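Below: the structure, in structure tokens.
The values are calculated or read from the model by the stated rules, or taken from the named source; none is laboratory data. Computed from a predicted model, the values in this text were never measured in an experiment. Backbone-built Cβ (ideal geometry, glycine too); neighbour counts: all protein chains shown.
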Amino acid sequence: MDATEVGVNDRQTFQGIAGNMASDRGPSAPDGGAGGDRTSGRRMAASMGVDSDQDTQHPSNRDAHLAPVDVSEGTYRALFDSHPTPMWVFDRETLRFLDVNEAAIRHYGYTRGEFLERTLADIRPDQDAARLRAHIRNLPLDRPGGREEWRHRRKDGEIIAVEVYGSPVRFRGRDARLVVALDVTERVASDQKRRESEALFEALASAAPVMLWMADPRGNCEWLSRSWLEFTGRTLEEGLGTRWTEGIHPEDREPCLAAYWQSSRDRMPFHLEYRLLRQNGDYRWILDVGTPRYLPADGTGGGGPPVFAGYIGTRIDITEQKRVEEENARLLAETTLLAHRQTELLEAQQAFLKDVLFAVTDGVLRLCRRPDELPAPLEAVDTDPWPLAVPTLHTVRQRVDEMARTCRLPQERRFDLQMAVGEATMNAVVHAGGGTARVCADREQGILQVWIRDSGPGIAVERMHRAVLERGWTTAGSLGHGFHIMLQTADRIYLHTDARGTVVVIEKWWTAPEPDWMDERWGAEVVFAPGDRAGASVS
């Protein structure tokens, strides 16, 4: 650009472009680079003598931008050549480059000669040719143009995004335009990435089976997902701020909002349950979960403490879950009550059965509902109990006979005792898979006790009367027909049975005792007979 051809109008052209660049809004690029927008515009405006802080939209201020200033023509040439932003002049008719500055040469990769051999179409993708031709036809002849966004192609083939500012000039006697091109590739890519991220978030939010929401640092709702709008039948405007709370059930609104605002002030996560009005007029139970969100202090992910940006949260319809919980609670209460009543009924049955068996056996059979109702054990004859198995049954009977002799039992009574013990131990082996037997005795009083334990399934209450009284009746877990023989041959039998096993205590005296109808533990007040000391057990 020859300095002799730069006159007042061209100075106005520089100033007009600089003023437009300074007034356009947009994110700033670092100073000194080929990219940038408003920052470069302010810098260029200042160098051209334009006050970039004026309102360029006002007519009087635009005139001031175009007013000539006392700057030499050489200064303008120097500004064109040395300015860090790519600039060029092109022929309006042929679109051929007439002049370029050093910044354009560096940024696009062409030499000055290569530039001057090319047209505007040569630095654009082929797809933009039609748009370029239409744009040139519509360019104003007498005033600068506004900001325009284009794609340019560098010499290495890279496509960059640019913002272009142009204005008409006379150059070497030809109608031309002076152009300033700002590389905004990074900003455009960032904007595109942001738009894609926002679109993806919106798509995910719309497809999510839960309602999503966001609130600002003051706790006011600033965004709601489509699912919330569809659930409530309200518009987005009807849900922003605090209006989203209008659908909360009147009984839940006050406690819900108190917890919400307290969590917002404390910047703490929260879980709320409340009823929310659905579009069909029904209230549904909602689980509302909010989590504080933070952003980097400088907005770029750099250093500095994060800044509280509000809340992000989800709202889930838990009505069916609530119904299931209520139904489970009802069933649990009913089951607990039923179990309590069954326990009471079982205890009543056992008490009745205890009295009946005591009566029909003339006091021989003592049904013990609890272990502490078993008799106190007499002195153990052996240190350890005898294990019960088929090979040991004969040995146990022999040991019982030896102790019966020591206790002065007559031969007939010794034989009866062996019969009773034999049946009891055989039942333990057959029906419970084994057990233990221990012989206890009171030699002075002539009383013998045999404790037989097993860990079988026990005798069910509903089968007790048959197991005890019915001759020949037997099943796994019962004492079968042998119990009838035991009642005929033992003086007393104590029986405790439950799901953990069975304990049978057989007593035989040297002389037969009288029936204990008046025994206080079994119906009336009488003096305990020997061996009837309750409250202990033997293992």
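Assigned by TED's automatic domain parsing to the domain that holds Arg170, modelled with pLDDT under 95 and more than 60 Å from the chain's Cα centre (by Cα): which single residue out of Arg131, Arg137 fits that description? It would help to see each step written out before you state the result.
Values: Arg131 fails: more than 60 Å from the chain's Cα centre (by Cα).
One residue alone meets the criteria, Arg137.
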(request) Restrict the check to the stretch 380-389 and report whether at least one residue is surrounded by 18 or more Cβ atoms within 10 Å (Cβ to Cβ), more than 17 Å from Trp510 (Cβ to Cβ) and among the acidic types (Asp, Glu). (result) no
(message) Conditions first: (1) surrounded by fewer than 19 Cβ atoms within 10 Å (Cβ to Cβ); (2) not in a helix (DSSP H, G or I). Val430 passes all but one, so which condition is the exception?
(response) (2)
(message) Condition first: β-branched (Val, Ile, Thr) and within 58 Å of the chain's Cα centre (by Cα). Can you find one or more residues in the stretch 380-400 that meet it?
(response) no
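Would you point out which residue out of Gly166, Gly173, Gly233, Gly157 is within 30 Å of Ile286 (Cα to Cα) and not charged (D, E, K, R)?
Numbers: Gly166 fails: within 30 Å of Ile286 (Cα to Cα); Gly173 fails: within 30 Å of Ile286 (Cα to Cα); Gly157 fails: within 30 Å of Ile286 (Cα to Cα).
Gly233 is the lone residue from the list that is within 30 Å of Ile286 (Cα to Cα) and not charged (D, E, K, R).
What number of residues in the stretch 106-117 are surrounded by fewer than 17 Cβ atoms within 10 Å (Cβ to Cβ) and over 56 Å from the mean Cα position of the chain (by Cα)?
Within the stretch 106-117, residues that are surrounded by fewer than 17 Cβ atoms within 10 Å (Cβ to Cβ) and over 56 Å from the mean Cα position of the chain (by Cα) number 6.
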(message) List pairs: first residue in the stretch 363-384 and assigned to a strand (DSSP E or B), second residue aromatic (Phe, Trp, Tyr) anywhere in the structure, Cβ distance under 7 angstrom, at least six positions apart or on different chains.
(response) Leu365/Phe358; Arg366/Phe358; Arg366/Tyr494; Arg366/Trp522; Pro375/Tyr494
(request) Tally the residues that are in contact (Cβ under 8 Å) with a residue 40 or more places away in the chain, under 26 Å from Gly109 (Cβ atoms) and surrounded by fewer than 16 Cβ atoms within 10 Å (Cβ to Cβ), restricting the search to the stretch 156-171. (result) 1
(request) Identify, by number, the condition in (1) assigned to a loop (DSSP other than H, G, I, E, B); (2) in contact (Cβ under 8 Å) with a residue 12 or more places away in the chain that Glu238 doesn't meet. (result) (2)
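So which of Leu295, Leu346 is within 36 Å of the chain's Cα centre (by Cα), among the aliphatic types (A, V, I, L, M) and surrounded by fewer than 14 Cβ atoms within 10 Å (Cβ to Cβ)? Write out each step before concluding.
Details: Leu346 fails: within 36 Å of the chain's Cα centre (by Cα).
Answer to the selection: Leu295.
One line per residue, one yes/no per condition, for (1) among the polar types (S, T, N, Q); (2) touching a Pro at 6+ places or on another chain (Cβ under 9 Å); (3) over 20 Å from Leu120 (Cβ atoms):
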site: Asp142; (1), (2), (3): no, yes, yes
site: Arg147; (1), (2), (3): no, no, no
site: Arg153; (1), (2), (3): no, yes, no
site: Ile160; (1), (2), (3): no, no, no
site: Pro168; (1), (2), (3): no, yes, no
site: Leu178; (1), (2), (3): no, yes, no
site: Ala181; (1), (2), (3): no, yes, no
site: Arg195; (1), (2), (3): no, no, yes
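Restricting attention to the stretch 133-140, does a residue exist that is among the β-branched types (Val, Ile, Thr) and either under 19 Å from Tyr108 (Cβ atoms) or surrounded by fewer than 12 Cβ atoms within 10 Å (Cβ to Cβ) (or both)? Working first, answer last.
Keep residues of the stretch 133-140 that are among the β-branched types (Val, Ile, Thr), which gives 136.
Going one step further and asking which of them are either under 19 Å from Tyr108 (Cβ atoms) or surrounded by fewer than 12 Cβ atoms within 10 Å (Cβ to Cβ) (or both), we end up with none.
Within the stretch 133-140 (the criterion being among the β-branched types (Val, Ile, Thr) and either under 19 Å from Tyr108 (Cβ atoms) or surrounded by fewer than 12 Cβ atoms within 10 Å (Cβ to Cβ) (or both)), the answer is no, since none of the residues qualifies.
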(message) Cβ contacts < 8 Å: first residue on the phi > 0 side of the Ramachandran plot, restricted to the stretch 89-100; second residue assigned to a strand (DSSP E or B) and of a type in the set (S, T, N, Q), any location; separation 6+ or different chain. Result?
(response) Leu95/Thr119
(message) Just to be sure I understand, how many residues within the stretch 172-224 are touching a Leu at 6+ places or on another chain (Cβ under 9 Å), over 30 Å from His107 (Cβ atoms) and either modelled with pLDDT of 90 or more or acidic (Asp, Glu) (or both)?
(response) 9
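With out of contact with any strand residue (DSSP E or B) (no Cβ under 8 Å at 6 or more places or on another chain) and at negative phi as the only criterion, which of Glu163, Glu202 stands out?
Values: Glu163 fails: out of contact with any strand residue (DSSP E or B) (no Cβ under 8 Å at 6 or more places or on another chain).
The match here is Glu202.
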